[in-house]
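Student: Got a structure here, written out as structure tokens. Questions coming.
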Amino acid sequence: MTKKLLYLLLAALCAASCLFGCYGADGPARSSAPGGPSAADSSETPATESGSAPVPAAEGKLRVHYIDVGQGDSVFIELPDGEYMLIDCGERDCAGRVISFIDRLGCEKIDYLLATHPHTDHMGGMAQVIGSFAIGRIFMPDVVATHSSFSAMLAAISEKGAKIETVSPGFFIFEKEDLRAEVLGPLRITPENLNNCSVVLKLQYGGTSFLFAADAEKDEEAELVGAYGEKLKSDAVKIGHHGSADSSSEEFVRAVGAKIGIISCGAGNPYGHPNRGVMTRWLDSGMETLLRTDLEGTVTVVSDGETVSVGKERAETEYKWVLNLNGKKIHRPDCEGVPGIAERNRVFSVRTLAELEKQGFSPCGKCRPEE
Ligand SMILES: [Zn+2]
Ligand SMILES: [Zn+2]
């Protein structure tokens, strides 16, 4: 089967089956422009498969895309030298979405592929992803699983003639002039808890750094804090385990001290992710921006080697609502109450009103948002 055919098939499969874990490929209609009516030409923005098309990295920029895969994790990274890296790919149902996202960036080869641990919300679609692109090197922790997604992934790898590199702390996925990706965890393999076998990765570009905590829970976090202390300090963190209360211990949060945090989880998920106390802990530690894929969809964080910022896709994505996490209100972007919402409580959302109401949000009485 050709790559294009496979991709089309997967996209169709995803559209048909993404009910809970992964939002339908069409996503919600995004009709209102950022900043409300003052933004020009919003009505002429063409609707695309999942909002605005990803913008390929400008030379010299590191772009980290936290892809909305519902309840799961998938991070696609455009390295400043033109190489690509994928960390996890969400459930199998989301493979079409991940493949099309990568494809639209013009990537034909994933140079570095990391499956952080063998839970299906992280590697369920790996067989499909591996089958759709040329693959460079593949990395995993030293644990296995018996489920069918894992065996399908192994079969896809052997079909490609690729091999798996088992990684442990101190291993560098790459180490270039001013760019390196170092494996910090897991310091210990605990087959009875695969989350604590998560590969925790620190990516550094110039003077900036990103930490990817996968599903590490408090035990692994404690070992990381003990082993690395200050070295965990990062500008941006993919918060562990979908913002669950099992992760983000006080000590770990303090050690990482990131200004930008990303929580990857599904809207209205049955696990109650993200935990409110976890979000408060990060924000109280000095985090300035907390991004959530359940509310905002795919989010991008960019580094030029000196500073880290939220990608402009966020501003350009035509979000529908502005949420106030304090009081859980839904506002139209032009509501007079919006400028007064503290940044830490303000979230730009692409979800439908019905989805948000299921999450406990209610419409503002003044601007009366309607679909
Ligand atoms: Zn997970
Ligand atoms: Zn997990």
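The values are calculated or read from the model by the stated rules, or taken from the named source; none is laboratory data. This one's a predicted model, so the numbers in the text were calculated from it and none came from an experiment. Glycine gets a Cβ as well: all are built from the backbone with ideal geometry, and neighbour counts include every protein chain shown.
Student: Taking the criterion of being touching a strand residue (DSSP E or B) at 6+ places or on another chain (Cβ under 9 Å), away from ligand 2 (no atom under 16 Å from the Cβ) and assigned by TED's automatic domain parsing to the domain that holds Thr293, would at least one residue in the range 239-248 satisfy it?
Tutor: Checked against the condition, which is being touching a strand residue (DSSP E or B) at 6+ places or on another chain (Cβ under 9 Å), away from ligand 2 (no atom under 16 Å from the Cβ) and assigned by TED's automatic domain parsing to the domain that holds Thr293, the range 239-248 yields no hits at all.
Student: Still on this model: When the range 69-88 is examined, which residues are found to be polar (S, T, N, Q) and under 10 Å from the mean Cα position of the chain (by Cα)?
Tutor: Ser74
Student: Report whether or not Val143 is within 16 Å of ligand 1 (Cβ to nearest atom) and farther than 25 Å from Glu296 by Cβ.
Tutor: For Val143, the condition - within 16 Å of ligand 1 (Cβ to nearest atom) and farther than 25 Å from Glu296 by Cβ - is met.
Student: Let me ask something additional. Quick check, is Leu201 within 16 Å of ligand 2 (Cβ to nearest atom), modelled with pLDDT of 95 or more and assigned to a strand (DSSP E or B)?
Tutor: The answer is yes for Leu201.
Student: Could you say which residue among Glu306, Glu355, Glu370 is out of contact with any His (no Cβ under 9 Å at 6 or more places or on another chain), under 24 Å from Gly72 (Cα atoms) and surrounded by fewer than 21 Cβ atoms within 10 Å (Cβ to Cβ)?
Tutor: Glu355
Student: Report whether or not Leu295 is over 30 Å from Pro369 (Cα atoms), in the same structural domain as Lys176 (by TED's automatic domain parsing) and crowded, with 24+ Cβ neighbours inside 10 Å.
Tutor: Criteria not met by Leu295.
Student: What's the total number of residues in the range 164-198 that are assigned to a loop (DSSP other than H, G, I, E, B) and of a type outside the set (Ser, Thr, Tyr)?
Tutor: The total comes to 14.
Student: Under the condition of being charged (D, E, K, R) and outside any loop (DSSP other than H, G, I, E, B), which residue from the range 41-70 is modelled with the lowest pLDDT?
Tutor: Glu44
Student: Can you spot a residue in the range 152-170 that is among the basic types (Lys, Arg), away from ligand 1 (no atom under 16 Å from the Cβ), surrounded by fewer than 20 Cβ atoms within 10 Å (Cβ to Cβ) and closer than 28 Å to Ser234 by Cα?
Tutor: Within the range 152-170, none of the residues are among the basic types (Lys, Arg), away from ligand 1 (no atom under 16 Å from the Cβ), surrounded by fewer than 20 Cβ atoms within 10 Å (Cβ to Cβ) and closer than 28 Å to Ser234 by Cα.
Student: Let me ask something else about it. In the range 212-249, which residues are in a helix (DSSP H, G or I) and in contact (Cβ under 8 Å) with a residue 60 or more places away in the chain?
Tutor: Within the range 212-249, just His242 meets the criteria.
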